[in-house]
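S.K.: Starting off with a structure, shown below.
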Amino acid sequence: MSEVDETAFEPLLSEEAQKALRGPLPPGDYYLFGSDACVEGAIFAGCRYYAGYPITPASEIMEKAAQRMPQVGGRFIQMEDEISSACSLIGASWAGVKAMTATSGPGFSLMMEAVSFAVMSETPFLIVNVQRPGPGQGYITSSQEDVMQARWGHHGGGAIIALAPSSVQEMFDFTIQAFNYAEEWRVPVILLADETVAHMREKLIVPPWEKIKVINRIKPQVLGIPPEKFLPYEPYEGKVPPMPAWGDGYRVNVVGLVHHPDGNVTKYSPEMHMACVSRIYQKIEDHADEIAQVEGLYLEGCKNLVVAYGTVTRSAFEAVEELRENGKKDLGFLRLKTLWPFPDGKVRSMIGPLENVFFPEMNLGYMIHPLRESLRDRAKQFISIPFLGALHSPDLIIAKINEVIRGK
Amino acid sequence: MKRYEIRIAGFGGQGVVTVGKIVGAAAALYDKKNAVQTQSYGPESRGGACKSEVVLSDGEIHYPKVRMADILVALSQPALDIYLKDLKAGGILIIDPLTVIKEVPRADIKVFKVPTAEIALQVGNKKFQNMVALGALASLTGVISPEAFEKAIKDSVPPRTLGQNLEAFKKGNDYVRG
Amino acid sequence: MAKGERGEGVEPERIFMKHPMLEYLKESGAYGDRFPTIFCPGCGIGQALNYALNAVDHIVKKDKIPRDNFCFIAGIGCSARVTSHYLGFDAIWSLHGRAPAVATGALLARPELRAIVVTGDGDAAAIGGNHFIQVCRRNLDMTVLCMNNNLYGMTGGQSSPTTSRGVPSTTAPYGNVENTFDLCEMAITAGANYVARWTTAHPHQCIQALEKGIRKKGLSFIEIMVQCPTHWKQEPAKMMKKFKSQAVRFSPEKKSEALKKDQFWVGEFMDRDRPEWLETYQKIMDRFKEKT
Amino acid sequence: MPKLYIEERYCKGCGICIEFCQAKVLKQSKKMNSRGYFPPESDEMEKCKKCGMCSLLCPDFAIVVSDE
């Protein structure tokens, strides 16, 4: 039998702690750990179910959830693996509760099965991927190598939404945003964090609660659709189908096979197949510019552009500021807050003709592909600045930019 | 203060991350500065390489890690070997002479040898070593007020050992001052 | 054509009495008929479903538990196909082997749900083996109904972990070289509160076991041996009669007796009251409730 | 006399009801249904004991006996 030094958990059991923590984080300034901010964001968004399996560097999110869920009337469970963790989110979500898990590379691979099912069955939930380097066990430091897997890792078609936070504040804000996306678009959402931001302590400002927007799924009973008239896969006003919870009396048959709007799976035809899968693809991709968030700075008349996402944003921005201070005033900066759906139209609308596009990524150059496609006729050169295993130092980015621009 | 960078490195289990945590909390919560603390460690729970970094600034902090440290606390020889080159000229180096045995191969920095483990043993347990180092660091940087440190320590350690932690902190503080 | 009660569309025209269990099934919907079922003639899965619906019917009527609290959760395979679109309940036809995990999420999110996990031998013993073991260990308040036909039916009669040693199949053309799993023993060892096995030839016993299992706090595992006339290439009724002759009624005293080749135990193997997950966790949650 | 109802569109002619009928009143019809199966029929329903076994054992929810 295992013995544990229970005194280590004493602070959690004190009267004071039990009193203080029964709801979401009250408004105010905090100095918080990135992983903790993520859980607090989830709680704020209304998440009341967490299932997970320990993995470095995502375990801290799980530990915080284990502590917080029962305090706010939610439930936490440590599952037997990442497969069951992700699959249990499907059950929790259909039982009417916002649900999440967190994992890292190898575990993320195991969750792809559930993601694929959730895409087909339009089941909202959140997976936080605290990215670590791969392939294989890779290492346990920071990485952005799962950005393509997030979008294309699940088998078959359909689409997901993915965001990349870069600060403790964004671990809080983006987690809420991720749940909002999931609920609004009935889709699994992936928060592509990384080890650096998950293990970072920084200031977090929780604004007055009423200032934070929380979106909940639309239920058919709210729209006045009675069970006998309800078609579980018929989009409401052309967007997504309303989603009742199990136990509400709607007798929904959730399926992963291609289906008719009523859930019928045997009257198969290629037309029905096309209609079913293109709808779940288009509901996201056709709204890419509405969903996706891009942030630009110094774009007016810029000749050279630095693009970044996630934690690398911070290195890249520091590099841009320093280079501009040193005279490179034609350097613009673009930051992708959401990675998927790729905001093709939005990016194009923000960017004029360019000489060079620099794209530092904590991988060997992945997101540069959709970016190049998007700006194919806008820039002469696309230069990837890859780095593995740790955050780029600004000096690395500065050196590369200087090398290219000076070399002309 | 534009940007002040602190790096604490050593073996896992020496409490390196806790030091970073307290420095960051003291600056951010009680001295109203911006502070970003990051950490990295190997796969071992104990005994592997471990480091913690804190960047302080009155303005916004973009790059969250150390570029050139203003102060380096090295509690192991490998930590010194790796990070010495990233210490600014004129920067401060704190080492424990018990574990950092080789001569420090730089003359353009200020070196302070603090027998952290030994002092910690005087307090009662080797595990207070990190608080001794923190005390030395607090005294030498001077960018964060002692009151802020005391409050941050209170937040981060179990109430039962608070007295010993504060004592270790004070001893480290005094050691470099005296 | 008359509008169906829960129609989502149209129910077939009927001038006579319908099977009582059709009350719990969706015969058609807005996009066409769903019945007849996909199952082969004489398949035991339809029977096991019939028994399960009878058990639910009894509980809905006797225990006054709302019908809409029941949800059926299945993985993949012939057994899972019952949840594809036939059930007039909340149901999910989820991923191969993962039904216990999906049910776990549903129950933790909404504990008043009565989860019935519909699984098969390949689903529960092979690809979902660990999920099944762990859900038994947690003793979560759900009912796992395993329809064991000793092979993979939907994919074409391949060997499963419960296929007997020496028996040929499409993936063991020279005979199965592996030993078999006893799922009931595994459920007991893993910690399930209620464990029973019957066959499709024991309809009343099946219904009683399912009723008891659904009422039982904690995990109930009910294995029903079902015939697969298609892949075992035998007459369904003949297979059922064979089940009856091979099944040996279990009692604790007889436990040590050796069974003859092809014989297997049927009956109630375990009925106990170990702590259940949700109840245990509720005590933790209660600590944080406002004290009034 | 009990009345036998067969939902011919659902019946797959598996013969289980015939084989397990306790009163032995069911037999296979000579007439194929629309899916090519031979459903059960009976011409001696007066002997039916209304045990309900046919309904219970039917995998396709296609057979039911009632009083009339």
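The values are calculated or read from the model by the stated rules, or taken from the named source; none is laboratory data. What you see is a predicted model; the values in this text were computed from it and never measured. No Cβ is skipped: glycine too gets one built from the backbone with ideal geometry, and neighbour counts run over all protein chains shown.
S.K.: Kindly evaluate residue A:204 against the criterion of being within 14 Å of another protein chain (Cβ to nearest Cβ) and assigned to a strand (DSSP E or B).
M.R.: yes
S.K.: Quick check on the range C:85-97. Is at least one of its residues of a type in the set (Val, Ile, Thr), in the same structural domain as residue C:179 (by TED's automatic domain parsing) and surrounded by fewer than 24 Cβ atoms within 10 Å (Cβ to Cβ)?
M.R.: Scanning the range C:85-97 turns up no residue that is of a type in the set (Val, Ile, Thr), in the same structural domain as residue C:179 (by TED's automatic domain parsing) and surrounded by fewer than 24 Cβ atoms within 10 Å (Cβ to Cβ).
S.K.: Counting residues that are more than 30 Å from residue B:33 (Cα to Cα) and out of contact with any Asp or Glu (no Cβ under 9 Å at 6 or more places or on another chain), which helices (runs of 4 or more DSSP H) fully inside the range A:25-94 reach at least 3?
M.R.: Those helices (runs of 4 or more DSSP H) span A:82-94.
S.K.: Still on this model: Considering only residues that are out of contact with any strand residue (DSSP E or B) (no Cβ under 8 Å at 6 or more places or on another chain) and not in a strand (DSSP E or B), which ones fall in the range B:74-98?
M.R.: Within the range B:74-98, B:77, B:81, B:85, B:98 meet the criteria.
S.K.: Still on this structure, please answer the following. Within the range C:235-262, how many residues turn out to be modelled with pLDDT under 95 and closer than 26 Å to residue D:15 by Cα?
M.R.: 1
S.K.: Is it true that some residue in the range C:131-153 is over 17 Å from residue C:218 (Cα atoms) and surrounded by fewer than 17 Cβ atoms within 10 Å (Cβ to Cβ)?
M.R.: There is no residue in the range C:131-153 that is over 17 Å from residue C:218 (Cα atoms) and surrounded by fewer than 17 Cβ atoms within 10 Å (Cβ to Cβ).
S.K.: Here is a follow-up. Can you name every residue in the range A:79-121 that is more than 7 Å from chain C (Cβ to nearest Cβ), hydrophobic (A, V, I, L, M, F, W, C), touching a Leu at 6+ places or on another chain (Cβ under 9 Å) and surrounded by fewer than 24 Cβ atoms within 10 Å (Cβ to Cβ)?
M.R.: A:120
S.K.: Just name the residue that is farthest from the chain's Cα centre (by Cα) out of those in the range B:113-156 that are at pLDDT below 95 and not in a helix (DSSP H, G or I).
M.R.: The residue in question is B:124.
S.K.: Then there's this: Being under 27 Å from residue C:213 (Cβ atoms), within 14 Å of chain A (Cβ to nearest Cβ) and assigned to a helix (DSSP H, G or I) is the filter here; which residues of the range C:253-292 pass it?
M.R.: The answer is C:277, C:278, C:279, C:280, C:281, C:282, C:283, C:284, C:285.
S.K.: Could you list, ordered by first residue, the pairs with Cβ atoms under 6 Å in which the first is in the range D:37-60 and more than 13 Å from chain C (Cβ to nearest Cβ) and without any contact (Cβ under 8 Å) to a residue 24 or more places away in the chain and the second is surrounded by 13 or more Cβ atoms within 10 Å (Cβ to Cβ) and not charged (D, E, K, R), at least 6 apart or interchain?
M.R.: D:44/D:25
S.K.: Across the range A:150-169, what is the total count of residues that are closer than 30 Å to residue B:35 by Cβ and under 11 Å from the mean Cα position of the chain (by Cα)?
M.R.: Looking only at that region, the number is 4.
S.K.: Pull up the range B:25-47, narrow it to residues that are within 10 Å of another protein chain (Cβ to nearest Cβ), assigned to a loop (DSSP other than H, G, I, E, B) and at pLDDT 85 or above, then point me to the one that is farthest from residue B:72 (Cα to Cα).
M.R.: Filtering the range B:25-47 for residues that are within 10 Å of another protein chain (Cβ to nearest Cβ), assigned to a loop (DSSP other than H, G, I, E, B) and at pLDDT 85 or above, the one farthest from residue B:72 (Cα to Cα) comes out as B:32.
S.K.: For residues that are of a type in the set (Asp, Glu) and more than 8 Å from chain A (Cβ to nearest Cβ), scanning just the range C:104-145, find the one that is farthest from residue C:277 (Cα to Cα).
M.R.: C:121
S.K.: Still on this structure, I have one more. Can you find even one residue in the range A:349-366 that is part of a strand (DSSP E or B), crowded, with 17+ Cβ neighbours inside 10 Å, over 29 Å from the mean Cα position of the chain (by Cα) and of a type outside the set (Asp, Glu)?
M.R.: Yes, there is a match, as at least one residue in the range A:349-366 is part of a strand (DSSP E or B), crowded, with 17+ Cβ neighbours inside 10 Å, over 29 Å from the mean Cα position of the chain (by Cα) and of a type outside the set (Asp, Glu).
S.K.: Does the range A:152-161 contain any residue that is surrounded by 24 or more Cβ atoms within 10 Å (Cβ to Cβ), under 25 Å from residue A:365 (Cβ atoms) and within 14 Å of chain C (Cβ to nearest Cβ)?
M.R.: Within the range A:152-161 (the criterion being surrounded by 24 or more Cβ atoms within 10 Å (Cβ to Cβ), under 25 Å from residue A:365 (Cβ atoms) and within 14 Å of chain C (Cβ to nearest Cβ)), the answer is no, since none of the residues qualifies.
S.K.: Could you please let me know if residue C:237 is out of contact with any His (no Cβ under 7 Å at 6 or more places or on another chain) and more than 14 Å from chain D (Cβ to nearest Cβ)?
M.R.: Answer is no for this residue.
S.K.: Before we move on, is residue D:12 assigned to a loop (DSSP other than H, G, I, E, B) and either under 10 Å from the mean Cα position of the chain (by Cα) or crowded, with 21+ Cβ neighbours inside 10 Å (or both)?
M.R.: For residue D:12, the condition - assigned to a loop (DSSP other than H, G, I, E, B) and either under 10 Å from the mean Cα position of the chain (by Cα) or crowded, with 21+ Cβ neighbours inside 10 Å (or both) - is met.
S.K.: Then there's this: Which condition number in (1) basic (Lys, Arg); (2) in contact with a Ser or Thr (Cβ under 7 Å, 6 or more places away or on another chain); (3) without any contact (Cβ under 8 Å) to a residue 12 or more places away in the chain is the one that residue A:314 fails?
M.R.: (3)
S.K.: Let me ask something else. Search the range D:23-44 for residues being surrounded by fewer than 14 Cβ atoms within 10 Å (Cβ to Cβ) and among the basic types (Lys, Arg), and hand back the single one that is farthest from residue C:37 (Cα to Cα).
M.R.: Among them, the one singled out is D:24.
S.K.: May I pose another question? Could you please find all residues in the range A:52-78 being among the small types (Gly, Ala, Ser), crowded, with 24+ Cβ neighbours inside 10 Å and more than 17 Å from the chain's Cα centre (by Cα)?
M.R.: A:65
S.K.: Considering each residue of the range A:222-267, count those that are free of Cβ contacts under 8 Å to residues at least 12 places away in the same chain and out of contact with any Ser or Thr (no Cβ under 9 Å at 6 or more places or on another chain), and give that number.
M.R.: Residues meeting the conditions: 7.
S.K.: Just checking, how many residues over the range C:175-232 are part of a helix (DSSP H, G or I), in contact with a strand residue (DSSP E or B) (Cβ under 6 Å, 6 or more places away or on another chain) and among the β-branched types (Val, Ile, Thr)?
M.R.: 2
S.K.: Within the range B:48-86, how many residues turn out to be of a type outside the set (Gly, Ala, Ser) and either in contact with a Cys (Cβ under 6 Å, 6 or more places away or on another chain) or within 11 Å of chain A (Cβ to nearest Cβ) (or both)?
M.R.: The total comes to 13.
S.K.: Within the bounds of the range C:46-61, is there any residue that is within 17 Å of residue A:118 (Cβ to Cβ) and in a helix (DSSP H, G or I)?
M.R.: Scanning the range C:46-61, I find no residue that is within 17 Å of residue A:118 (Cβ to Cβ) and in a helix (DSSP H, G or I), so the answer is no.
S.K.: Now a separate question. Of all residues in the range D:15-50, how many are among the hydrophobic types (A, V, I, L, M, F, W, C), within 18 Å of residue C:237 (Cα to Cα) and in a loop (DSSP other than H, G, I, E, B)?
M.R.: Going through the range D:15-50 one residue at a time, the tally reaches 5.
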